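Trainee: Sending over a structure as structure tokens; questions will come in a sec.
The values are calculated or read from the model by the stated rules, or taken from the named source; none is laboratory data. For clarity, every value in this text was computed on a predicted model and none was experimentally measured. Here the Cβ positions follow ideal geometry from the backbone for every residue, glycine too, while neighbour counts run over all protein chains shown.
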Amino acid sequence: MAQRSNSQQKSLIYLLIFFLLMAGTFEQSYAKKSSKKKYSRRTTSKTTSKKISIDIMRQSDDLSEMANLTPYTIDSTDMVSIDANNQIIGEEGEDLEEVEKEDTFQYDAESFQMLWLSLVDEDNTAAGVSKSEMLSRIMDLFGTPYRFGGVSTRGIDCSAFTRLIYQDVANIELPRTAREQYNYGVSIKKMSDLQFGDLIFFHTYSRKFPSHVGIYLGDGLFAHSGIRYGVAVASLNSPYYTKRFIGGKRLSDKDMQVLKSTDEKDNDLKASM
């Protein structure tokens, strides 16, 4: 019971940090486009987010010990994916002006809290992935800035984000781009049929192929790395995403076996010998 209590305490800490992040760490700046026409551009403040988190944790020695105050990093350098021709591999993301104009999502802390509390019990996705572990890992990355081709906490694009989440919580290796990730899983055409953990895909700059991907949470909400807020929660009910929604993909046990990480495959091989 003590272990479960600590787990719930940690969950509520992450939730509190997220509330503060959404409420107070987005700074708005304005840039001239042309002929004195201006549009808003919001950027995340990693320094402010970190300070808020540390200040909260330092109020209790027990909470400080439970919470990992060291920022999670894939690598100490500012990484991007590069192909054999030295070209960046990644997603260009959404059109900022279109997102600003059409994304009408209003963050509802109470609804998100209800969603989180419904997942604290160790319920799993259809492929056997812990929902609470997945959501905790997603929340770890809230506020990470968007960067085309980026794969680190200094900047990450949408497909690198989904790849990292599934790598960390399920030990599988999704392909690097949304177009490639779309080749896996059972197709889910209707928004009403989506379940927690489903990959969801969008046309954002070409209708020929998926160019944006996120992870469905429930109640019309999904997590993604977007140009406007970086890693954050968005809503399928916003006109921007509704119009560009392609469908979802639900990973099956078969997909999980095919996508097992190299280390996992090596362990299976050793166990069978």
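Trainee: Mind listing whichever residues of region 171-217 are assigned to a strand (DSSP E or B), within 15 Å of TYR241 (Cα to Cα) and touching a Ser or Thr at 6+ places or on another chain (Cβ under 9 Å)?
Mentor: LEU199, PHE201, PHE202, HIS212, VAL213, GLY214, ILE215
Trainee: On to the next question. So SER192 ticks every box in (1) in contact with a strand residue (DSSP E or B) (Cβ under 9 Å, 6 or more places away or on another chain); (2) without any contact (Cβ under 8 Å) to a residue 40 or more places away in the chain; (3) not basic (Lys, Arg) but one. Which box is left unticked?
Mentor: Exception for SER192: condition (1).
Trainee: Across region 178-236, what is the total count of residues that are on the phi > 0 side of the Ramachandran plot, at pLDDT 95 or above and surrounded by 23 or more Cβ atoms within 10 Å (Cβ to Cβ)?
Mentor: 1
Trainee: Another question, if that's okay. I need the full set of residues from region 137-149 which are surrounded by fewer than 24 Cβ atoms within 10 Å (Cβ to Cβ) and within 23 Å of TYR205 (Cα to Cα), in order please.
Mentor: Hits for region 137-149 are PRO145, ARG147, PHE148, GLY149.
Trainee: What pairs come up if the first residue lies in region 83-99 and is of a type in the set (Asp, Glu), the second is loosely packed, with under 12 Cβ neighbours inside 10 Å, and their beta carbons are under 9 Å apart, counting only those six or more places apart or on different chains?
Mentor: So the pair list comes out as GLU97/LYS33.
Trainee: Looking only at region 123-150, which residues are touching a residue at least 24 places away in the same chain (Cβ under 8 Å), of a type in the set (S, T, N, Q) and not in a loop (DSSP other than H, G, I, E, B)?
Mentor: Within region 123-150, SER130, SER132, SER136 qualify.
Trainee: Still on this structure: Which of (1) buried (at least 20 other Cβ atoms within 10 Å of the Cβ); (2) touching a Lys or Arg at 6+ places or on another chain (Cβ under 9 Å) does ARG250 not meet, given it meets every other one?
Mentor: (2)
Trainee: A further question follows. Go through (1) surrounded by fewer than 18 Cβ atoms within 10 Å (Cβ to Cβ); (2) at pLDDT 95 or above; (3) in a helix (DSSP H, G or I) one by one and return the number of the condition TYR241 breaks.
Mentor: In the conditions (1) surrounded by fewer than 18 Cβ atoms within 10 Å (Cβ to Cβ); (2) at pLDDT 95 or above; (3) in a helix (DSSP H, G or I), TYR241 misses (1) alone.
Trainee: Same structure again: I need the full set of residues from region 151-170 which are buried (at least 24 other Cβ atoms within 10 Å of the Cβ) and assigned to a strand (DSSP E or B), in order please.
Mentor: Once the filter is applied, which keeps residues that are buried (at least 24 other Cβ atoms within 10 Å of the Cβ) and assigned to a strand (DSSP E or B), region 151-170 yields only ILE156.
Trainee: I'd like to know if region 138-156 contains one or more residues that are modelled with pLDDT under 90 and among the aliphatic types (A, V, I, L, M).
Mentor: yes
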